[in-house]
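Take a look at the structure below.
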């Protein structure tokens with residue numbers, strides 16, 4: 001876990017490293033799943049997050065399918 005930096009800076013850092021998906025734990029029941037290329041974010045139940053990422057990375061589903069299935073989350077601007 002990373003503490004003490006803004007979420008925007010953490011996203012920017014993982015984008016630079018080429019990490020395709022970021023999972024941010026927001027509560028005990030759901031997480032925000034962010035796709036690097038589009039920067040789109042969806043809300044996913046904690047129990048489903050790993051399987052959603054696995055399905056997309058293994059090519060069994062697409063990010064467009066994920067985007068149409070789960071509620072959208074507003075983007076957080078990157079802090080300077």
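Read-outs: derived from the displayed coordinates by stated rules, not from any lab. Since the model is a prediction, treat every value here as computed from it, not as a measurement. Positions of Cβ are generated from backbone atoms using ideal geometry, with glycine treated the same way; all protein chains shown enter the neighbour counts.
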Next item on the list: Just need the relative contact order of the range 7-73 here, percent rounded to a whole number, with Cα pairs under 8 Å and 6+ apart.
Entry: 25 percent
Notebook entry, point to check: Helix 7-17 versus the longest principal axis of the chain: what is the Cα-based angle in degrees, 0 to 90, to the nearest 10?
Noted result: 70 degrees
Checklist line | Convex hull volume per residue for the chain, taking Cα atoms only, in Å³ | finding: 99 Å³
Checklist line | Which of 28, 5 has the fewest Cβ neighbours within 10 Å, and the rest in rising order | finding: 28, 5
Margin query: Give the average over all directions of the projected area of the C-alpha convex hull of the range 37-76, one decimal, in nm².
Written below: 2.9 nm²
Check: Under a plain spin-label model, where a point goes 7 Å from the Cα along Cα-to-Cβ, how far apart in nm are residue 69 and residue 48?
Finding: 0.7 nm
